[in-house]
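The values are calculated or read from the model by the stated rules, or taken from the named source; none is laboratory data. It should be emphasised that the depicted structure is a prediction, and the values quoted were computed from it without experimental measurement. Note that we place each Cβ from the backbone using ideal geometry, even for glycine, and neighbour counts take in every protein chain shown.
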Amino acid sequence: DVGTWASLRRARELDDDGNGASGPVHFVDADCNVVHAGHGTVMRALAHDLPILCLPMGRDQDDNAARVVAHGAGLRLRPSASTRRIAAAVGRLLDDDALRAGARRLGGVIRADVGGDGGVAVLEALAASSGTEPGDREAAT
């Protein structure tokens with residue numbers, strides 16, 4: 001519920017979609033993340049070293065939740081879990097040093113992977129050396 005949502009964040013004014021005045025809420029103000037476990041939200045939370053409570057509802061969410069739990073970076077509950085169980089899980093995310101360490105460990109891996117992505121630089125260098133601009137269709141034909 002909205003009251004629980006408000007109590008889990010740090011003094012951010014959110015609209016009904018979880019957006020702040022300047023767009024999506026930044027994870028730097030959070031201590032944990034409670035989500036359905038879609039790929040984007042899981043990656044953003046872990047990139048900010050946040051442990052996650054996953055409440056998967058389908059698509060890729062079940063697999064993502066299983067991986068978060070397997071790596072010790074969060075917990076998983078059914079989306080129909082009671083508010084009491086959700087509150088207890090959030091309390092554990094905030095207090096369990098092992099879960100916080102698991103999230104930090106995966107966050108480091110994610111940041112290193114993003115920072116080490118040289119593939120785009122290599123392709124841009126190839127395009128520059130051939131005298132074509134990226135996206136130039138004539139060069140491809």
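Give me a count of the residues in the range 73-103 that are acidic (Asp, Glu) and part of a helix (DSSP H, G or I).
Selection size over the range 73-103: 2.
Checking the conditions here, which among GLY102, GLY58, GLY74 is out of contact with any Lys or Arg (no Cβ under 8 Å at 6 or more places or on another chain) and modelled with pLDDT under 90?
Just one listed residue meets the conditions, GLY58.
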